[in-house]
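Inspection log for the structure reproduced underneath, given as structure tokens.
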Amino acid sequence: MFLKVEQLNYKHMKGTPFEVHALRDVNFQVEKGEFIGLIGSSGAGKTTLVQLLTGLIVPSSGKIFIEGTSVEKDAAAWSSLRKKMGIVFQHPEQQLFAETVFQDVAFGPRNLGESEDNINQKVQDSLAQVGLDYHQIKDLSPFNLSGGEMRRVALAGIIAMQPEALILDEPTAGLDPRGCEDFLGYIEDFHRKKGMTIIMVSHRMEEIARYAQRLLVLHRGELVLEGDKRTVFSHRQRLKEIGLELPQISLLMEKLRARGKEVRPDIFTIDEACKEITNYLRKGYN
């Protein structure tokens, strides 16, 4: 077990007339190397949860365990949690601040006391992992790059700190389809090739269906559904009640079935749909 939370609660503006109970008794665990999709409508508590998991805020009550060790409120334990969990914010390019790409990506390792030789190597490796040429880009201002390049530089800065897990809060917000495809391709590589644990928040069900192995569904601060994609997406009515919809490709397959086409209803990605429709058409010609 890599990560576990028990009875996790968080209250915004606790003790004031404006107190809001953002999370209520949330329990789940994440195995090392899993790709988790975290979904829920606006105000469900997703961002609050990822802030707790990365140590940006402290729970009102409950426990967080990282690799079996309870974090509690010990400063050293919280520091360890922050090193293990890298977070990519909704608009990660807003994290950029340095004069050059090199300085920006180097900031994390330098802040951790790495030697200059190690810093140089980590910057080169991290930029390469997000598809950027070190020699072409290292001396450029990050603010003169395209939006997609800025986002990749921000991701490289997090990768350079070598976290054990990546938490992504709406990582493709504002990107065009090609930019989304490229960015998520790098995330998939970190998961598949390096075995990195990923927790991704997204309102795009197509992204969740394509990349996540298991889903956590929040509603009004409570964990209301949990399981593999097929299990969670089988609760269509419940998802609809809390403001969520199935992937568009699933709705297409339902329409085909309504017209008498014998295709499976539990299809959630374009690749699956292509195979299923191809098989259906082949049967028709046999």
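The values are calculated or read from the model by the stated rules, or taken from the named source; none is laboratory data. In this text, all values refer to a predicted model and were calculated from it rather than measured experimentally. Virtual Cβ from ideal backbone geometry, glycine too; neighbours counted across all protein chains shown.
For the reader, a short list of remarks on this structure follows.
- For segment 1-23, filtered to residues that are at pLDDT 90 or above and among the aliphatic types (A, V, I, L, M), the residue that is farthest from G55 (Cα to Cα) is V20.
Rundown of residues vs (1) surrounded by 20 or more Cβ atoms within 10 Å (Cβ to Cβ); (2) not assigned by TED's automatic domain parsing to the domain that holds R151, yes/no style:
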| position | (1), (2) |
| --- | --- |
| P171 | yes, no |
| G174 | no, no |
| F183 | yes, no |
| Y186 | no, no |
| D228 | no, no |
| V232 | yes, no |
| E254 | no, yes |
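- Summed over segment 191-206, the residues that are part of a helix (DSSP H, G or I) and in contact with a Leu (Cβ under 7 Å, 6 or more places away or on another chain) give a count of 1.
Yes or no, residue by residue, for (1) of a type outside the set (V, I, T); (2) over 20 Å from the mean Cα position of the chain (by Cα); (3) closer than 14 Å to S41 by Cβ:
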| position | (1), (2), (3) |
| --- | --- |
| E222 | yes, no, yes |
| E226 | yes, no, no |
| S234 | yes, yes, no |
| Q248 | yes, yes, no |
| G260 | yes, yes, no |
| P265 | yes, yes, no |
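The rows are residues; the columns are (1) of a type in the set (F, W, Y); (2) within 29 Å of K240 (Cβ to Cβ).
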residue	(1), (2)
F2	yes, no
F18	yes, no
R24	no, yes
V50	no, yes
L56	no, no
S61	no, no
E67	no, no
S70	no, no
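- Count - residues of segment 145-156 that are outside any helix (DSSP H, G or I) and within 21 Å of the chain's Cα centre (by Cα): 0
- Of all residues making up segment 235-273, the number that are closer than 29 Å to E31 by Cα and touching a strand residue (DSSP E or B) at 6+ places or on another chain (Cβ under 9 Å): 6
- E241 vs. criteria among the acidic types (D, E) and in contact (Cβ under 8 Å) with a residue 12 or more places away in the chain: no
- Taking segment 1-53 as the range and being out of contact with any Ser or Thr (no Cβ under 6 Å at 6 or more places or on another chain), of a type in the set (G, A, S) and not in a loop (DSSP other than H, G, I, E, B) as the test, only G37 passes.
- Taking residues in segment 162-184 that are part of a loop (DSSP other than H, G, I, E, B), and partners anywhere that are surrounded by fewer than 16 Cβ atoms within 10 Å (Cβ to Cβ) and modelled with pLDDT under 90, the pairs with Cβ atoms closer than 6 Å and at least 6 places apart or on different chains are E170/Q90; A173/Q90.
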